Amino acid sequence: MIPYAKGKENDFLRGKILATLFFEPSTRTRFSFETAMQRLGGGVLSFADPKSTSLSKGETLADTIRMMDSYSDVIVIRHSYEGAARLAAKFAEHPVINAGDGAGQHPTQTLLDLFTIHNSFGTFKNLRIGLLGDLKYGRTVHSLAIALSNLGSKLYFISPKILGMPEHIMREIHEKEKPVVTDNINDVIGDLDVLYVTRIQKERFPDITEYMKIAGSYRVDLSLLEKSKKDLIIMHPLPRVDEIAPEVDYTSHAKYFEQAFNGVPVRMAILSMVLGVR
Amino acid sequence: MVEGKELKIEKIRNGTVIDHVPSGLGLKVLKILHMDEDINTSVFLGIHVPSKKMGFKDIVKIENRFLAPKEIAKISLIAPSATVNKIKDYDIAEKYSVPPPGEVIGIVKCSNPNCVTNLNEPVVTEFRVVLTNPLRIKCRYCEREMEGKEIIHNII
């Protein structure tokens, strides 16, 4: 898929229409889905602003889905409520792809994260993978942690105590192999093959000075990387604020821009698959 | 139920007896059957009644009222040990035990306020039973798990 993702011409999905329903803001996920569809020769329907839809007039999500389903061949949905994609799938006859449901799941992000890791190492088994930052509210790390634990990776959860991995995710993981849980990245940086960084959001802290203190101690920079393995890769679902220093972008560790690009081929593969083209 | 020769709880002629309810949950049973709202029949409730099988139990008798399958399903969520007896002319006409259900549909509200089933959408809630003892259920929409008091509290 990668050559096609970079522009090699094809018409695998010519005549097919993708409806993107983003009720929550998105940059990468939405653009990469739209690019993916257009690179495969298909068309895209979307609205600029959810406030301009009839949902704001009180229409149910179910009715919006029924309507968009009748105009398109596949739907991609992001919504602030958990379970919204499943509800959409119940009312649509065509395939529905979850592009993030509240604090729930973000499965296509997980697939592109897995693709990126696999491209670097060729395997998941016994890789030591650290998830750093906000593990409590970040839906990308929830899906990813469950997937990696099923694939035999050794997990490290690195976060301030108040932003630790939620109980129900721990329950799904614990049964296989107990992850290492720490609030200090310095203790484990030397063990890791992959460091997956997420943003610590200011609004989670009642006290701004507490936020500054914590956010600073989770910053990934060159001095931290002096202690890392040579072939460590650093990933981030983006957007980043200041949790990864810009100087890191120029090292061989930085994989986050490649990871963002991988959203295109992976979503091309997903769209082709659900539309029956292989 | 008989002490000396005097009945402590009256026999009913027609209706439903819910027996072997774990001690302390009798009031909850009445609540989920909405017998705390619009009562137009006689209801008898025995709390902390000696029982050979259970030590102590609660027992509920409702005159001239028979339970729908959905109501029996609700009882199974809070009192899987209970038995439901359909009484006709003072005799047991039918007797059901209430084993825990394989799935829970339309009788419990999801405790996650951010679950899509708590929006005004035309769907009923659906839960998969993850564990039966103690009961743990998982929302098919948002995947939140609920157990114990949380389930009882959210019975519709």
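Taking the criterion of being over 15 Å from B:T125 (Cα atoms), within 14 Å of chain B (Cβ to nearest Cβ) and charged (D, E, K, R), the only residue of the range A:68-88 that qualifies is A:R78.
Quick one: would you say B:L33 is within 19 Å of B:I156 (Cα to Cα) and surrounded by fewer than 16 Cβ atoms within 10 Å (Cβ to Cβ)? No, not satisfied.
Is it the case that the range B:64-76 has a residue that's among the acidic types (D, E) and away from every other protein chain (no Cβ under 14 Å)?
yes
For the range A:197-209, the set of residues classified as over 23 Å from the mean Cα position of the chain (by Cα) and modelled with pLDDT of 80 or more consists of A:D207, A:I208, A:T209, listed by residue number. Would you check if B:I59 is within 18 Å of B:P99 (Cα to Cα), at pLDDT 90 or above and not acidic (D, E)? Here the answer is yes, as B:I59 does meet what is asked. The residue pairs whose first member lies in the range B:133-156 and is over 18 Å from B:P22 (Cβ atoms) and away from chain A (no Cβ under 11 Å), whose second member is part of a loop (DSSP other than H, G, I, E, B) and among the basic types (K, R), and whose beta carbons are closer than 9 Å, counting only pairs six or more residues apart or on different chains, are B:N154/B:K109; B:I156/B:K109.
Being modelled with pLDDT of 90 or more, under 16 Å from the mean Cα position of the chain (by Cα) and under 16 Å from A:K255 (Cβ atoms) holds for only one residue in A:D113, A:D101, and it is A:D113. In summary, strands (runs of 3 or more DSSP E) completely within the range A:145-249 and bearing 2 or more residues that are farther than 26 Å from A:F115 by Cβ occur at A:180-182.
Here the condition is being hydroxyl-bearing (S, T, Y) and either free of Cβ contacts under 8 Å to residues at least 24 places away in the same chain or within 14 Å of another protein chain (Cβ to nearest Cβ) (or both); of A:T29, A:T35, A:T20, A:T64, it holds for A:T64 alone. Selection over the range A:237-277 of residues that are small (G, A, S), farther than 16 Å from A:R219 by Cα and more than 13 Å from the chain's Cα centre (by Cα) gives a count of 4. For the range B:133-156, what are the residues that are surrounded by 19 or more Cβ atoms within 10 Å (Cβ to Cβ), in a strand (DSSP E or B) and within 18 Å of the chain's Cα centre (by Cα)? Correct list: B:L135, B:I137, B:M146.
Identify, please: which residue in the range A:65-94 is part of a loop (DSSP other than H, G, I, E, B) and surrounded by fewer than 17 Cβ atoms within 10 Å (Cβ to Cβ) and is, among those, farthest from the chain's Cα centre (by Cα)? My answer is A:E93.
The values are calculated or read from the model by the stated rules, or taken from the named source; none is laboratory data. None of the values given here were measured: they were computed from a predicted structure. Using ideal geometry, Cβ is built from the backbone for each residue, glycine included, and neighbour counts are taken over all protein chains shown.
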